[in-house]
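> Before I ask anything, here is the structure I am working with.
The values are calculated or read from the model by the stated rules, or taken from the named source; none is laboratory data. Remember, predicted model here, so these are calculated numbers, not experimental data. Because the Cβ atoms are built from the backbone with ideal geometry, glycine has one as well, and the counts that use them run over all protein chains shown. Accessible surface areas use protein heavy atoms only, side chains included; no ligands, DNA or RNA. Shrake-Rupley method; radii C 1.70, N 1.55, O 1.52, S 1.80 Å.
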Amino acid sequence: MLLIPCPHCGPRAEIEFSYGGEAHIARPEEPDELTDQEWSDYVFMRRNPKGVVLERWVHAHGCRRWFNAARDTVTYEILAIYPMGQNPPELPEPRYL
Amino acid sequence: MVEDFLRQSPLSHLALAASGRSQRAEEDGVALAERPYRTVITLRGQAEDAVFVEAIQRALGLGLPRKVGQVSGDPRGREILCLGPDEWWVTDAADDAEPLVTSLTEAVGDLFAQVVDTSDNWFALELSGPRARDVLAKACPLDLHPRTFGPARCAQSLLAKAPMTLQQLDDTPAFRLHVRRSFADYAWRWLSDAGREYGVSILQS
Amino acid sequence: MPQSFRLPEGGLIDRARSLRFTFDGRSFDGHPGDTLASALLANGVHLVARSFKYHRPRGIFSAGAEEPNALVQLGEDPRTDPNQRATQVELFDGLSAKAQHCWPSLEVDFNQVTSLASRLIPSGFYYKTFMWPSWKYFEGPIRRAAGLGKAPRLPDPDRYDKCFAHCDVLVVGGGPAGLAAALAAGRTGARVILVEQDNRLGGSLLSAPETQIEGAPSADWVREAEAELATLPEVKVLKRTTCFAYYDHNLLGLLEKVTDHYAPYDRPAELPRQRMWRVRAGHVILATGAIERPLVFRDNDRPGIMLASAASSYLNRWAVKPGSRAVVFTNNEGGYRAALDLKSRGVDLAAVIDLQLAAEGPLSRRARDEGIPIKTGYAVTGTSGHLRLKKVFVAPLDGAGKRVFGGGEPIEADLLVSSGGWNPTVHLFCQSKGTLEWDDSLACFRPDASMQRNQAVVGAANGTFGLSSVLVEAHAAALAAADAAGFSTGGEASTAPTSVEERDFLPMREIYLVPSIKPLGQGGKHFVDQQHDVTAADLLLAMREGYRSIEHVKRYTTTGMATDQGKTSNVAAIGIVAEHLGKTVPEVGVTTFRPPYTAVTFGAFAGRDVDDFLDPERTTPMHAWHRAHGAAFEDVGQWKRAWYYPQAGEDMAAAVNREVKAARDSVGILDASTLGKIEIRGPDAGVFLDRIYTNVFSTLKVGRARYGLMLKEDGMVFDDGVTTRLAEDRYLMTTTTGGAANVMSWLEEWLQTEWPDLKVYLTSVTEQWATMTISGPNARALLAELTELDLSTDSFPHMSMAEGEVAGVKARIFRISFTGELSYEINVPSRYGLAVWQALIRVGQKYAITPYGTEAMHVLRAEKGFIIVGQETDGSVTPLDLGMNWIVSKKKDFLGRRSLSRPDMLKADRKQLVGLLTEDGREVLPEGAQLVESNHDIRPPIPMVGHVTSSYWSPNCGQSIALALVKGGRDRMGERLYAALPDRTISCTVTEPLFFDKTGERLHG
Ligand SMILES: [Zn+2]
C-alpha cells in the first residue's frame, strides 16, 4: 500500500485516495473537429508504460483535491507531486538498484 | 422556532441520553459521547482573496486558518476547521445554525464563495480517554501520535469504512469525530466494539 | 505418562507446573515454555504426521517457522485451525491436536502409497491429469486423499482485531541483532516497534546458553535488554507476533497472537484472539536470522530425522533429548555444534558423517578431542525404519562427490540430524522486491540491493554470522535509521554490545544431492520439499521433460509451493537443478517469495469487518418508523431503504399492489432521503451544468426544476436527476441514490482538472435533508393542511420549487414526480425528518395515506416508462438507446456528446428501450430474461436479441408490464418475442415503453 504525499494534507495512506488514470490528457477543445479515431483515442487509449508514469490522484477521503504524480511502476516510488495544469518537474533518474 | 422535542439524533434508537454517565469511569480506557445538534457550516471561498478572508474573520471574530488541518477558535465553542485549500467548516456549540448561516451569507455577499448549512449532514461523537488513540488506530490510518497530531488539528480520513473528519480537542486526549449522519449507528457501534478491550464509558450528551 | 525424554535440568521451561494436552486422543504432560513439538518429543513422540502425496510417516523436523512436516490440526470445531506448526504452537493446558490427513490412524494409514504406485504420481502430475474430461474421475478420490487439514465447518466464534500503527524504526526479529537494533534506536527517543514471532526474545541465543555478550551469559543480556526496552516510552515490543508481509513504502503486516496461548478457560473475554497490525515504518530493520539447510539424501524423511540446529534447540531451550542414539550428518563445521550438544546432554553419539574431506574447525577439533567418532569424506546413503528411524547407512564418497563406494555400512540410530549450511531469512526482504546475490564463501543467497528506501537487513539475515559482527552491524544500522529519522544518536547509545566472534559454520562442502548406492529414484526417495512430497527425481524428471527455468521447475513439480513456501527446500532445489544443468547456483537464480511468511488466519484479515460491520448500513432519519411499521428493507448501495410495508396476512405481492394502487387512488408517501443532493454556487454554475448534462440548465428560471441526464465521455448514461435553480448563481442537483458519491467526484474532477477557470463551488448536502415524497390525487389537499404556501398550479406549477414551513418546520418543497401523479417532494433538515413524516402520516389518515416502499415506486415509474439508471442502463446504454433524444441538446457541447456520433452508436441493431406485454397478461417476465425471436427453432447458438430490464405486475394496468433492451427495438413495435427460460419460453409483444396515463394528465392534478 502506497504512502502518497498529498500536497495539502501530507503523507497519507493509499486507501484515502482514488486513482485518476494517466495525466496530461486534455479534453479536446473542439470535439467536432476530431475524426472518430482521434476522439476514441482521447476517450479510450492510454499508454501504461513500465517505468515512470505521470498520473492523476485525488485525495478522495481527505481534502478531495486532485493532483498529478510521477510514479515509477517498477519501484512504485513516487518521484514527484505537482499541481493539475502544470507540466511535470525535472525528474531524477529511475532508481533500479 | 420548532420545538426541540421534535428533533431526533440519528442515535435516538439507542436511548443513550437515559443510560449515560457524567464522566468516564476510572477503570474504562475510553469514553464515548454523542454530540448530535452542533452547528456545522460548510464554507467555500478563495483563500487568496483578501476581501473574502477579511469578511469571514469579521463575521466570526476568528482567524481563518489557511493550512489544511489547522483549526482556529475554541473547540467547545466556535471554531473554524481548514479542510481544503478553499474549504472550511465553521462549527459552533449552538444547536440552531440559522443565525450563523445568515451572518456568513451576508458576509460573503456576491463574492465567489459558498455558505451551506451542513449541520444535519454530519453527526459528531466524542471519543476521549487514555486509550482513545488505540481505539482510533483500529479504524483510521492517520498517525495520531502527539509528535504528529494534537489539539487545534483536524484531518479528514476514514473511520473503518466511513469517511470521517477528525479533530483533537485536548490532551486527555479527546477527539471529535464527524461522520455522515447515516453512518452514525455504524460508527458508534464500531467504536464501542473496538473499545471493548479497554472498557468504554458512555457519557451523557 | 512420564516425560521420559525430558532432561533432568536446564531449559527455559517452568518445571513447577504441568500442562495436560492430547495428541491424536492420547494424553501427555508438558511444561509452560514448551511448544507442542518439544512436549511431544519430551514424551518420545516423533511420528506426528503423514505426508501430503505419499502419506509417508513424518516426524518433527525443525524447531521453528520452517517446519515442513509437523503440521497438526489444532482444537475442535468451531475453534480449529489446520496446518499449525507444532514447532510454533505454544503449549497450554487442555490443548488438543490431531494428526492430519491420515486414515484410519497415524500408525496405519491405508492411503500410504506403495513405491509401485508412487510412480503414478510423477512431477507435473496435476498438469498431466487434471484435464477435462478425466478430471471428473480423479477429483473425488484425490480431494479425499490430499489436502492439508480441515477447515472448520461452523462459524468462527472468536473475535479478531485489526489496527494501524506508525513508527520511526520497525525492527523485525528479537534475536541478538534485533535486540541490539531496538536498543540503539530506542535509546535515541525514536518510536520503535520490535516484533518477535516467538513468545520470548533472544532468538538463536535461547538455544545457545553458553554464548556471552558484554562478558556475561547472553541470557542475562537478553533479560536486561528486554527490561530496558520496557522503560522506553516510545518503544513497543510485540511478542508472539509474526511479520508476515512487507508491502510498498514500508508498510508491513504483523499477526499478533493475543490469546492463542491461554488455556481455553483462561482466555480473557475482552481480548481479541488475534490482532493484525498494519505498520507504516519510517525505517525498517530486518533482523530475521537464518534457517538451517538440511542435506538431501535418500530416505531423508523418516521420523527421527531433523535439522542439527533443531536438535540443539530441543536440548538447550527445552531440555528434551530428541533421541537416544544419534548420527550427525553435516557438510560444515556447524554440525559439530549439534554433536557436542548431543553428547554433553547424554545422547549416545554414534558418529559424525561429514561430507567434507577434512574437518579442521574449532568445533570439529573439540569433537575429536571428546572422542566423537568422525567419518570425513563420507555420506549418508540411506536410512531404514518405518515409523521411526532405526538405521543409518553410510559410505565413503568419491572425490567429486558424485558417487559412493560400497554397499553402505549400517549404523543403529533413532536420531539423525543434518546440517547443510544456513540460508539467511530473506523472505521479507524479497517481498519488498529486494534482490539477492549468491555469496560463494557462505554458500547462500544474501540480500543485495533494496528496492525500498529506508531499509536495512542485519545479522544472519544479511549473511553476517559471527555474533560480534552481528551486534556491531545491527547497532550501526539502528543508529543510522534513528539519525535519518531525526533523532540524536550521541552518548551512551553509540556503543555496540560486545561479544566473542564465532563463525563456526564455515567452511562447507557444497553437495546438494547426496549420492546413494542405487541410481536416483530406485529403492528410496531423496525428498527435497517434504511438505509437498517433491523428490530430487521429480526435479530431474522435470528437466528431462524440458523445463529449464527454476520458476517453471517450481510450478511443474510444486517444489517450494506448500504452506512453508520451501523454507528448508528452495536452495536445495536450486542447487540440485544447478548440479544437473552444470550451472552455478546463481546462474539458476531464485524463485519469488510472496506474502505471507507464515499462514495468516482469515479471521485476522477480516478483523472487525464481519457480520453487520462487513459494510456500513446507512439509514435515513425515518428508519425507526419504517422498522416500527414492519417494513421489509432493500439494500441500495449501503443504504437500507424501505422496500414494502406488509400488513397482517400480506405477502410481498399483496403489499406492493396495495401501495401502488393507493398512490394512484389517493395519496402515498415515500422516504426519498437517500437521493444524492449537491448545492452548487458560483457565477459559472449554469455554464458548468450545461457541460455536465445533455440538456441546457443555464436558461432555467429561478425556482424552476429540470430533469437532466449525465453521460461519461464514452457517451454512456451515467446518472440522472432533477436540478433546481435556487437563485441566479445557485442550483440544487439531485442524483440517484447509488450514484451520489460518484457524481460528486465526477463534478469536482472536471472543475479541478479540466475547467479550473469556471467559478463554481460544490457542497454535498445529501444528508442535510430528510426527503419525503407524497404522491397521488390527494397530495395537494394533504400538504395544504400542513403549510401556508399557495399550492395552486398557477403559483406552484409542476417542475418548480418553493420554500416554506411544513408542520412548523422550514422546508424546501419540490413539485416533481417520479410516479406520474401529482407529487410533492418535501425536504426538511434531517433532525426533523421523523417529526414531519409523522405529521404527514397523522394528518394523512383522512386520505388513507399509504407509505410505499421502493418496490411500489419501481412499479409506479415503470407504468410511466421512467428509467432507473443502473436498471435500464448498465454502462453500455446511450440516451439514444433509451429513446431520450428529446433531452440531448443539439446546440451545445457536453460531456460524452461527441461519442454519440461514433459509428458504433448509430448502428441500427443497437439495443433500444421498449416495453413488453406478455401474451398471457397474468404472467410476469423474470428480470434479466434473454429474449429470442423464435420458440421452435431452438438449436444453439440461438441469437439473443435483448433482455428484460424491469418487470412487474401492474395493478393499475391489470396486467404485467416490462421494460427491455432489444436490438433495433423501436422498429419492432408489435413484434412477437420470446423470453427464454430454462424450461420454457414466454411469449410477449413489443410495445412503447409507456403503459399508464399516456397523455400525462394526472400529473397536473
Ligand atoms: Zn489531501
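> Under a GNM of chain A (C-alpha, springs under 10 Å), which listed residue has the highest mean-square fluctuation: A:33, A:22, A:77?
Among A:33, A:22, A:77, the largest mean-square fluctuation in the Gaussian network model of chain A belongs to A:33.
> Towards the positive end of the charge dipole of chain C, with charges on Cβ (+1 Lys, Arg; -1 Asp, Glu), say which of C:519, C:999, C:593 has the farthest Cα.
So the residue we want is C:519.
> Still on this structure, please answer the following. Just tell me which aspartates and glutamates come within less than 16 Å, Cα to Cα, of residue B:67; anything on the same chain fewer than 8 places away is out.
B:48, B:49, B:79, B:86, B:87
> Follow-up. Rounded to a whole number, what is D in µm²/s for segment C:294-420 from Stokes-Einstein with the Kirkwood radius over alpha-carbon pairs (4 °C, 1.567 mPa s)? Working shown, then result.
Working: Rh = 14.1 Å.
It diffuses with D of about 92 µm²/s by this estimate.
> For a quick protection proxy, order the peptides C:446-453, C:234-241, C:645-652, B:61-68 by their average other-Cβ count within 10 Å, most packed first. Each step should come with its number before you reach the end.
Values: C:446-453: 17.8, C:234-241: 20.2, C:645-652: 12.5, B:61-68: 15.8.
Listed from highest to lowest mean packing, they are C:234-241, C:446-453, B:61-68, C:645-652.
> Name the cysteines of the protein assembly as shown that stand alone by the Cβ rule: no other cysteine Cβ under 4.7 angstrom.
Lacking a cysteine Cβ partner under 4.7 Å: A:63, B:82, B:140, B:154, C:102, C:163, C:167, C:243, C:430, C:444, C:957, C:988.
> Convex hull over the Cα atoms of chain C, averaged projected area in nm²?
Numbers: hull surface 201.5 nm².
Averaging across all directions leaves 50.4 nm² for the Cα convex hull.
> Choose one of C:903, C:876, C:926: the residue whose Cα lies farthest towards the positive end of the charge dipole of segment C:871-952 (beta-carbon charges +1 Lys, Arg; -1 Asp, Glu; about the Cα centre).
C:903
> Report the accessible area of residue C:9, computed with a 1.4 Å probe over the heavy atoms of all protein chains in place, in Å² rounded to the nearest 10.
Estimated to the nearest 10 Å², residue C:9 gives 130 Å².
> Residue A:68: net charge of surrounding residues, Cβ under 9 Å, Lys/Arg +1, Asp/Glu -1, itself excluded? Could you put the intermediate results ahead of the total?
Values: positive: A:56; negative: A:55.
Taking every Cβ under 9 Å from that of residue A:68, the sum is 0.
> Of C:641, C:922, which has the most accessible area with a 1.4 Å probe, and how do the rest follow in descending order? Working shown, then result.
Details: C:641 20, C:922 185 Å².
Result of the area sort, largest leading: C:922, C:641.
> Quick one: how many Å² of residue C:609 are accessible to a 1.4 Å probe, rounded to 10?
Its heavy atoms expose roughly 40 Å² to the probe.
> In addition: What does the charge dipole of the protein assembly as shown about its Cα centre add up to, to the nearest 20 debye, if the Cβ of each Lys and Arg holds +1 and the Cβ of each Asp and Glu holds -1?
Working: 143 positive and 164 negative charges, 605 e Å.
Roughly 2900 debye, rounded to the nearest 20.
> Using a probe radius of 1.4 Å on protein heavy atoms only, what is the accessible area buried between chains C and A, both sides summed, to the nearest 100 Å²?
Details: alone 41430 and 6940 Å², together 45640 Å².
It comes to approximately 2700 Å² buried between C and A.
> Tell me, what % of the accessible area of chain A is carbon and sulfur with a 1.4 angstrom probe?
Numbers: 2580 of 5150 Å².
After summing per-atom areas, the C and S share lands at 50 percent.
> Is the C-alpha gyration tensor of segment C:591-727 telling us rounded, prolate or oblate? Criteria: a/c under 1.5 is rounded; beyond that, a/b larger than b/c is prolate, otherwise oblate. Let's see the in-between values first.
Values: a/c = 2.66, a/b = 1.17, b/c = 2.26.
The shape class here is oblate.
> Still on this structure, please answer the following. Under 21 Å between alpha carbons, and skipping anything fewer than 8 positions from residue C:967 in its own chain: which lysines qualify?
C:907, C:911
> Lys and Arg at +1, Asp and Glu at -1: add these up for the other residues within a Cβ distance under 14 Å of residue C:401 and post the number.
Working: positive: C:402, C:403, C:509; negative: C:354, C:398, C:510, C:579.
Here the count lands on -1.
> Now for a different question. Could you tell me the accessible area of residue C:187 in Å² (1.4 Å probe, neighbours in place), rounded to the nearest ten?
Here the residue's solvent-accessible area equals roughly 80 Å².
> Hey, what's the Kirkwood Rh for the protein assembly as shown if you take every pair of different alpha carbons, in angstrom? Walk me through the numbers before you get to the answer.
Values: mean 1/r = 0.0282 Å⁻¹.
So the Kirkwood estimate lands at 35.5 Å.
> Give the ranking of A:76, C:978 by solvent-accessible surface, highest area first, calculated with a 1.4 Å probe. Before the final figure, lay out each step's value.
Values: A:76 90, C:978 35 Å².
So, going from the largest accessible area down, we get A:76, C:978.
> Looking at this model, which pairs from C:390/C:518; C:391/C:525; C:98/C:162; C:640/C:661 are more than 27 angstrom apart at the alpha-carbon?
Numbers: C:390/C:518 20 Å; C:391/C:525 16 Å; C:98/C:162 29 Å; C:640/C:661 24 Å.
Too far apart for the 27 Å limit: C:98/C:162.
> What ranking of C:554, C:150, C:907 comes out by heavy-atom accessible area, probe 1.4 Å, highest first? Write down the numbers at each step before the final one.
Numbers: C:554 20, C:150 145, C:907 105 Å².
In descending accessible area the options line up as C:150, C:907, C:554.
> On to the next question. Taking the alpha-carbon distance from residue A:50 and a cut-off under 20 Å, which lysines remain once sequence neighbours fewer than 8 residues away in the same chain are dropped?
Straight-distance partners of residue A:50: C:433.
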